[in-house]
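Chemist: Pasting a structure below so you can have a look.
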């Protein structure tokens, strides 16, 4: 996952590239950025492992899933006790960037400027609809909120996302921030699934993983992971964790 201005960070991931489309004049409500159908060039490397998917067997179907809407918040802090994560969250916009895995310009999710922080995707341009900015869901609002983070290359050193793939079903994720009434709220989410080994050389892999989120998903966490392509200083895969909203409380 590399973003604009991340060239100075030697141990960050490569670009989170997807083809993001929203209905004209409407906010993105999740769960889908649509995958790109454009063929891509792949840097020579070893064979990719098959994607690994884990979802809760007790997940309800999409038609019967309750929609627990609370006051949407502007996220400021992420805490994941099970893997020792406590990180600041800041908003970021998607942008068209060069993807070293495909050799093409792609519309990409924003990523943090360092290994210690997290970025909330607040929206961005939609070139196919000639929209300069379309907002994305906030945590607690309708739709799926997306948080991105980095893992250190090869697991050397600290990265917020280093152990994201170790999360198990039912483990809790806390997102703290402020609603429009200036109230500080803590939203508690529970893990309901994850996907690993999403190949960055396939620009449709990440967008498909988000589009096919389990019923009840309200939060998606994304990080780079897996083996390293040292030619472009990037890991070869992404890990995605899905979570559903459990509760909201004032802090």
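Bear in mind these aren't lab numbers, they're just calculated from the coordinates by the rules spelled out. Keep in mind it's a predicted model, so treat the numbers as computed, not measured. Here Cβ is always computed from backbone atoms with ideal geometry, including for glycine, and neighbour counts include all displayed protein chains.
Chemist: Divide the volume of the convex hull of the Cα atoms of region 160-209 by its number of residues and quote the answer in cubic angstrom per residue.
Modeler: 126
Chemist: Please state, as a whole number in µm²/s, the translational diffusion coefficient that the Stokes-Einstein equation yields for region 73-119 at 20 °C and 1.002 mPa s, with Rh defined as the Kirkwood radius across alpha carbon pairs.
Modeler: Roughly 173 µm²/s, to the nearest whole number.
Chemist: Calculate, in nm to one decimal, what residue 212 and residue 183 gain on full extension: separation in residues at 0.36 nm each, minus their alpha carbon distance.
Modeler: So the extension gain works out to 7.2 nm.
Chemist: Could you give the length gained by full extension between residue 95 and residue 116, i.e. 0.36 nm per residue of separation minus their alpha carbon distance, to one decimal place?
Modeler: Value of the extension gain: 5.4 nm.
Chemist: In addition: How far is it, in nm, from the label point at residue 168 to the one at residue 70 when both lie 7 Å from their Cα along the line to the Cβ?
Modeler: 2.5
Chemist: From the C-alpha gyration tensor of region 156-251, pull out the three semi-axes of the equivalent ellipsoid (sqrt of 5λ each), sorted largest to smallest, in whole Å.
Modeler: Semi-axes (√(5λ), whole Å): 28, 16, 12.
Chemist: How do 131, 210 line up, fewest other C-beta atoms within 10 Å first?
Modeler: With the fewest neighbours first, 131, 210 line up as 131, 210.
Chemist: Listing 222, 85 from the residue with the fewest other Cβ atoms within 10 Å to the one with the most, what is the order?
Modeler: 85, 222
Chemist: Another question, if that's okay. With a Förster radius of 30 Å, plug the Cβ-Cβ distance of residue 88 and residue 227 into 1/(1 + (r/R0)^6) and report the FRET value to the nearest 0.05.
Modeler: Here the calculated transfer efficiency is 0.55.
Chemist: Counting other beta carbons within 10 Å of each residue's own, what order do 121, 178 fall into, fewest first?
Modeler: Least crowded to most crowded, the residues run 178, 121.
Chemist: For region 101-220, give the share of DSSP beta bridges that are antiparallel, in percent and rounded to the nearest 5; count only bridges with both residues there.
Modeler: The antiparallel proportion sits near 85 percent.
Chemist: Provide the gained length on full extension for the span residue 249 to residue 142, in nm with one decimal, where the gain is 0.36 nm per separating residue minus the Cα-Cα distance.
Modeler: 36.8 nm
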